Amino acid sequence: MENCIFCKIIKGEIPAKKEYESDSIFVFHDITPQAPIHLLIIPKIHTNSMNEISSLDPKVIQEIFQVIPKLAEKNGIHEKGYRLVNNCGSHGGQTVGHLHFHLLGGRHLQWPPG
């Protein structure tokens, strides 16, 4: 996607603090963190939202969910806990039209989130 900020981050056109990268996914630190650890996990293939996840190769989805606990362990949040969030659509709070997951931790997270 030409104007997608996350696609531009993947291409290196916009700088980001990279945490992990493979052929299929890219993980970076959120620029406005909502917790001490706030990572964004995105597929490299542009996918607008969770509503289109079936268009992704199942191996990409599998990799996303296999890397999340590894990222949590690497960042020291796996034992006390963390939150994984996906916002879908405007009423769901999605502000960037590229499928992404937020990994949040490093403090006690409240419920409901807001």
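Odds and ends about this structure:
- Selection status of Pro112, open to solvent by less than 90 Å² (accessible area, probe 1.4 Å) and either without any contact (Cβ under 8 Å) to a residue 60 or more places away in the chain or assigned to a helix (DSSP H, G or I) (or both): no
- When residues of the range 96-112 are limited to those that are farther than 12 Å from Pro36 by Cα and over 13 Å from the mean Cα position of the chain (by Cα), the one modelled with the highest pLDDT: Gln110
- Residues that are touching a residue at least 24 places away in the same chain (Cβ under 8 Å), open to solvent by less than 30 Å² (accessible area, probe 1.4 Å) and not β-branched (Val, Ile, Thr) number at least 2 in the following strands (runs of 3 or more DSSP E) confined to the range 1-105: 37-43, 101-105.
Residue-by-condition table, conditions (1) out of contact with any strand residue (DSSP E or B) (no Cβ under 8 Å at 6 or more places or on another chain); (2) modelled with pLDDT under 95:
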residue: Glu2; (1), (2): yes, yes
residue: Ile9; (1), (2): no, no
residue: Asp23; (1), (2): yes, no
residue: Asp30; (1), (2): no, no
residue: Met50; (1), (2): yes, no
residue: Ala72; (1), (2): no, no
residue: His78; (1), (2): yes, no
residue: Leu84; (1), (2): no, no
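The values are calculated or read from the model by the stated rules, or taken from the named source; none is laboratory data. Note that the structure is predicted; figures quoted are calculated from it, not measured. Positions of Cβ are backbone-derived with ideal geometry, glycine not excepted, and every protein chain shown enters the neighbour counts. Heavy atoms of the whole protein, side chains included, go into the accessibility calculation; ligands, DNA and RNA do not. Shrake-Rupley method; radii C 1.70, N 1.55, O 1.52, S 1.80 Å.
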